[in-house]
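The values are calculated or read from the model by the stated rules, or taken from the named source; none is laboratory data. Small disclaimer: the values here were computed from a predicted structure and weren't measured. All Cβ positions, glycine included, derive from the backbone under ideal geometry; neighbour counts span all protein chains shown. For the accessible areas, the whole protein counts, side chains as well, though only heavy atoms, and no ligand, DNA or RNA atoms are used. Shrake-Rupley method; radii C 1.70, N 1.55, O 1.52, S 1.80 Å.
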Amino acid sequence: KEFNVFELIGALSNRKIYQSHMIIDRLTQNTKIHAPTLIVSNLFRFFHYVALVHRHQLRDPNSIKHKLGVNYFQARDYAKASSLYSLSKVYRNLGYIEEVDRTLKGLIPTHTNERHLLKTLVWRLLN
């Protein structure tokens, strides 16, 4: 099966560990099709919205939908994620994502390949 970043976000929002690792493994097999920077930017956006859900103390997908201007399915993922990730974990995850983003852009020198960076990022986001 072909996966995309939105399926990864869905698995992360429900803290499905095995599924998240399987999806990131498939996504990183061909980084020309699934650009690492686009994966990272979508992950950052997701956790940013989860932080907003916490900040505004939103719990219902309909209220999230109206307050943040997202579709119902995204709002449902944000609501679920906000119940599984505390605000401190969300901020920690945003820091992890920012670090990988800076590494992918060459601002932090590394000898690690993109695939390993993204797989490690998903592991860190779930723990």
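Grab every C-alpha pair in the chain, bin the distances at 5 angstrom width from 0 up to the longest one, and report whole percents.
Whole-percent P(r) values from 0 Å outward: 2, 11, 22, 23, 19, 13, 7, 2, 0.
Among the listed pairs Lys16/Lys89; Lys80/Lys105; Lys32/Lys105, which have their C-alpha atoms separated by more than 20 angstrom in this model?
Lys80/Lys105
Note down the relative contact order for the stretch 1-77 as a percent, whole number, built from C-alpha pairs under 8 angstrom at least six residues apart.
Dividing the mean separation by the residue count of the stretch 1-77 yields 25 percent.
Could you work out [θ]222 nm for the chain from helices alone, using -39500 (n - 2.57) per DSSP H run of at least four and dividing by all its residues? Round to the nearest 500 deg cm²/dmol.
Roughly -23000 deg cm²/dmol at 222 nm, from the helical runs in the chain.
Just the accessible area per residue of the stretch 25-86, please: how many Å² with a 1.4 Å probe?
About 56 Å² of surface per residue is accessible.
Got a number for carbon plus sulfur as a percent of the chain's accessible area, 1.4 Å probe?
52
When every alpha-carbon pair in the stretch 59-101 is counted, what percent end up more than 17 Å apart?
Considering the stretch 59-101, 42 percent of its Cα-Cα pairs are separated by more than 17 Å.
Just to be sure I understand the rule: take each whole DSSP H helix in the chain, project its Cα atoms onto its long axis, keep it if the span is 20 Å or more and its mean Kyte-Doolittle hydropathy is at least -0.5. Which ones pass?
Correct list, ordered by number: 36-55, 87-104.
If you count, for each residue, the other Cβ atoms within 10 Å and average over each peptide, how do 13-26, 43-56, 107-120 line up from highest to lowest?
Answer by packing, highest mean first, reads 43-56, 13-26, 107-120.
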